[in-house]
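Data block below; observations after.
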Amino acid sequence: MKKIALALTGLILTACTGQSMTPSAPIQSLVNTKRLQQAIPQVQTERFQTIKNEVIVKYRSGFSTQSTHQAVAGAKVLDVFNTASTESTQLHRLPENTQLETALKQYEADPGVEFAIPNVNFQVQMTVWDKVKKAFTKTPDASPSATPVARGKAPSLASVQAEDPLSGEQWYLAQMQMEKIWSQYGQGNSGVTVAVLDTGVDYTHPDLVGRVIKGPDYIDKDYDPKDMHGHGTHVAGIIAAGLNNHEGGSGLAPDVKIMAIRVLDENGGGSLFNIAKGLAYAANHGAKVINLSLGSPSGGGVMKTLANYIAGYAEAKGSLIIAAAGNAGGEIGYPAAASRFMAVGAVNEEKYLASFSNWGKELDVVAPGVNILSTFPTYPVTTNALGLPQNYATLNGTSMATPMVSALAAIIWSQNPYLTPAEVRQKIESSATDLGAIGVDERYGHGLINPLQALAAAAQK
């Protein structure tokens, strides 16, 4: 049965929003949060729109794409990507004055078309975390846990501690017991690649240099995915910034590789087609983990069909897609809501769900996403004008929580490369620390990621 998506929606890059608590938070925390929010100026609002006269068309396997011009007379092929030798997904431009609904019905009538959906453009939503945060936050005590040893590996005799200049600013390192993980399980493996589909990456950053594989830049149409916005560099640093290299802070999996795929421009804007094309590229080029710090407004349905298709393809290629739940404080939209995407929400230092974090039955896990320090471009970018500094910046959002989970998946695969994407996901979910209502719930999913327990579970296979 053909799946023709007629509902129009938009996507947002879930970059950062102000911290807040759930109603169950202590009263003093709520007071502190109010003061914090007053210090966080809104600098850009969420905007989204369909791209005029552009339609994404997925052809069925084995059908000739020559039927393109028969379905809608005068339609032109702007771009294309293949997920298999006999399958093609194309971006079409419709003739002027063509009614979108009429065109979609015409595509539906074509036996070679599996689905057709409007292309969508979107822009980033960001807020700036003020330095006043330091007066009102605290680092929770790490939960005691046994120190497991990976099967087939002797434990490291040397204790690894984070001693980079800004490591003390990364409160989540202690909460997730990363020093134990680095000591017992290592820091990831250079044979494991995490694809970051974003605004690009500053691959010259001293905390990232040598760790970044240059993937395609779908904005400038080349292979130089230089970040001119900042968000992608921040995401990449959470995963793979160097450990104890006397630079800035520490990444969670500093020895893995980052595949930078630029799908968003210097203003944080990009198209749905480029995101889908980037996902296919990452899966086809060996990325074990695909980090998608993107989201859609609650209930967004335009990406549902395409998201489920691409996610299934990526899983068959051995890739796990980990996506931000979104920052609207409401229902989870697509792509994260797709069943094969691992949806990530954000919690603060006290392990309360951040009020900006989307939630619902599609939520899988939560991870730290408030007051997160990471790398930022070393050269001028557009967001410097919004008050964000060069080199390192502190941001908030499910965009920041998502790479925490991506880094954990990469370390698991570094220890046990024979696990399937479904098995890695299961290890992370089943080992999570239960929060909120007992068992899986809509606000925390399976709970807060617990790297030590996840790695212990992965070592059992």
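The values are calculated or read from the model by the stated rules, or taken from the named source; none is laboratory data. Here the structure is a predicted model, which means the values were calculated and not measured. Counting neighbours? That spans all protein chains shown, and the Cβs are built from the backbone with ideal geometry, glycine included. These area figures cover heavy atoms from the full protein model, side chains too; ligands, DNA and RNA do not enter into them. Shrake-Rupley method; radii C 1.70, N 1.55, O 1.52, S 1.80 Å.
A few notes on this one:
- When restricted to residues that are surrounded by fewer than 24 Cβ atoms within 10 Å (Cβ to Cβ) and either not aliphatic (A, V, I, L, M) or not in a loop (DSSP other than H, G, I, E, B) (or both), region 326-346 contains 5.
- Restricting the first member to region 368-392 and to residues that are at negative phi and of a type in the set (Phe, Trp, Tyr), and the second to residues that are surrounded by fewer than 23 Cβ atoms within 10 Å (Cβ to Cβ) and part of a helix (DSSP H, G or I), the beta-carbon pairs closer than 9 Å and six or more apart or on different chains are Phe376/Asn384; Tyr392/Glu169.
- Hits in region 315-341 - residues which are in contact with a Ser or Thr (Cβ under 9 Å, 6 or more places away or on another chain) and among the aliphatic types (A, V, I, L, M): Leu320, Ile322, Ala323, Ala324, Ala325, Ala328, Ile332, Ala336, Ala337
- For the condition in a loop (DSSP other than H, G, I, E, B), among the charged types (D, E, K, R) and surrounded by fewer than 23 Cβ atoms within 10 Å (Cβ to Cβ), Glu315 does not qualify.
- Only one entry in Tyr392, Tyr379 is modelled with pLDDT of 95 or more, among the aromatic types (Phe, Trp, Tyr) and under 23 Å from Met176 (Cα atoms), namely Tyr392.
- The listed residue being under 20 Å from His234 (Cβ atoms) and either basic (Lys, Arg) or within 13 Å of the chain's Cα centre (by Cα) (or both), out of Ala354, Ala393, Ala410, Ala325: Ala325
- One residue from Tyr444, Tyr418 being open to solvent by less than 20 Å² (accessible area, probe 1.4 Å), out of contact with any helix residue (DSSP H, G or I) (no Cβ under 9 Å at 6 or more places or on another chain) and aromatic (Phe, Trp, Tyr): Tyr444
- Qualifying residue in region 80-99 (condition: farther than 18 Å from Leu272 by Cβ, among the small types (Gly, Ala, Ser), in contact with a Pro (Cβ under 9 Å, 6 or more places away or on another chain) and open to solvent by less than 70 Å² (accessible area, probe 1.4 Å)): no
A quick yes/no check of all residues on (1) surrounded by fewer than 24 Cβ atoms within 10 Å (Cβ to Cβ); (2) in contact (Cβ under 8 Å) with a residue 40 or more places away in the chain; (3) touching a strand residue (DSSP E or B) at 6+ places or on another chain (Cβ under 8 Å):
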{"position": "Gly242", "(1), (2), (3)": "no, yes, no"}
{"position": "Met259", "(1), (2), (3)": "no, yes, yes"}
{"position": "Arg262", "(1), (2), (3)": "no, yes, yes"}
{"position": "Glu266", "(1), (2), (3)": "yes, yes, no"}
{"position": "Leu272", "(1), (2), (3)": "no, yes, yes"}
{"position": "Ala280", "(1), (2), (3)": "yes, yes, yes"}
{"position": "Ser293", "(1), (2), (3)": "no, yes, yes"}
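- Filtering region 270-286 to residues that are more than 14 Å from the chain's Cα centre (by Cα) and over 15 Å from Val120 (Cβ atoms) leaves Ala280, Tyr281, Ala283, Asn284, His285, Gly286.
- Meets criteria (open to solvent by 20 Å² or more (accessible area, probe 1.4 Å), of a type in the set (Val, Ile, Thr) and more than 18 Å from Ala287 (Cβ to Cβ)) for Val212: no
- Which numbered condition Val370 misses (of (1) over 18 Å from the mean Cα position of the chain (by Cα); (2) within 14 Å of Gly326 (Cα to Cα)): (1)
- Members of region 100-143 that are surrounded by fewer than 19 Cβ atoms within 10 Å (Cβ to Cβ), hydrophobic (A, V, I, L, M, F, W, C) and modelled with pLDDT of 50 or more: Leu100, Ala109
- Within region 84-110, residues that are farther than 13 Å from Tyr59 by Cβ and in contact (Cβ under 8 Å) with a residue 40 or more places away in the chain reach partners that are surrounded by 20 or more Cβ atoms within 10 Å (Cβ to Cβ) and of a type in the set (D, E, K, R) with beta carbons closer than 8 Å, at six or more positions or on different chains, in the pairs Arg93/Glu54; Leu94/Glu54.
- Among (1) part of a loop (DSSP other than H, G, I, E, B); (2) at pLDDT 90 or above; (3) under 19 Å from Phe273 (Cα atoms), the one test that Glu349 misses: (3)
- The set of residues from region 40-65 being in a strand (DSSP E or B), modelled with pLDDT of 85 or more and either over 18 Å from Leu78 (Cβ atoms) or open to solvent by less than 50 Å² (accessible area, probe 1.4 Å) (or both) comprises Ile51, Asn53, Glu54, Val55, Ile56, Val57, Lys58, Tyr59.
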